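Quick notes on the structure that follows.
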Amino acid sequence: MKTKQKPAKSTTSTKKRYDGFTDQEKAAMMDRVQEQKIAARKADGESDLLAKIAEMQEPDRGMARRLHAIVKASGPVLSPTTWYGMPAYAKDGKVVCFFQPAKKFKTRYATFGFSDRANLDEGGMWAVAFALKKLTVADEARIGTLVKKAVS
């Protein structure tokens, strides 16, 4: 059997030991990772949401398309996503509002609702879901106002 020779140790080493990244560099890298995750979620979330809307039957599909435009305009900080197979909009990864089509649970009306993350508190009781049979101009304005308030 051959014996392995160990390399000779140098007594005049001038190399400095690498101690790793600074705290600021680590923080910057973590920020970049988060940015990429958010960007990926937004891109994938919107395509998933639009695919779910495309699968819907009328009048749910028309309302969902219009609601999508209203939410994007009123709450630009919200990220489109799906939630239990329904179109939804999240802030910091948590769902704030969603659209439940009537056909999903075979109900007579669709619902636009808000989660507990929505900043809609008014006294001791407030509405968190609204029945929709159709969207009027007044309804669209009210939803836009509620979405703005929800993300404030």
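Every number in this text was worked out from the coordinates using simple rules, so none of it is lab data. Fair warning: this is a prediction, and the values are worked out from it, not measured in the lab. Ideal geometry is used to build each Cβ from the backbone, glycine not excepted, and the neighbour counts take in all protein chains shown.
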| Sequence of 134, 149 once ranked by neighbouring C-beta atoms within 10 Å, starting from the fewest | 134, 149
| remark: Placing each pseudo-label 7 Å from Cα in the direction of the beta carbon, residue 121 and residue 55 end up separated by a distance in nanometres of 3.6
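Loop only by DSSP, 15 or fewer other Cβ within 10 Å of the Cβ. Give me the chymotrypsin sites (Phe, Trp or Tyr not before Pro) in segment 55-102 that pass, ordered by residue number. Walk me through the numbers on the way to the answer.
Working: sites: 83, 84, 89, 98, 99; in loops: 84.
Within segment 55-102, the qualifying chymotrypsin sites (Phe, Trp or Tyr not before Pro) (loop, at most 15 other Cβ atoms within 10 Å) are 84.
Could you compute the net charge surrounding residue 78? Neighbours are other residues with a C-beta less than 9 Å from the C-beta of residue 78; K and R count +1, D and E count -1.
Working: positive: 72, 91; negative: none.
Net local charge, residue 78 excluded: +2.
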| Leaving out same-chain residues fewer than 8 places away, which aspartates and glutamates sit with a Cα under 17 Å from that of residue 148? | 92, 116, 121, 122, 139, 140
| If we count other beta carbons within 10 Å of each Cβ, what is the order of 115, 152, fewest first? | 152, 115
| Cross-link list 37/103; 104/133; 52/94: which exceed 22 angstrom alpha carbon to alpha carbon? | 37/103
| note | Taking the convex hull of the alpha-carbon atoms of segment 23-150 and averaging its shadow over every direction gives an area in square nanometres of 9.2
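Could you tell me the calculated FRET efficiency between residue 145 and residue 25, based on Cβ-Cβ distance and R0 = 35 angstrom, to the nearest 0.05?
Numbers: r = 44 Å, r/R0 = 1.25.
In this case the efficiency is close to 0.20.
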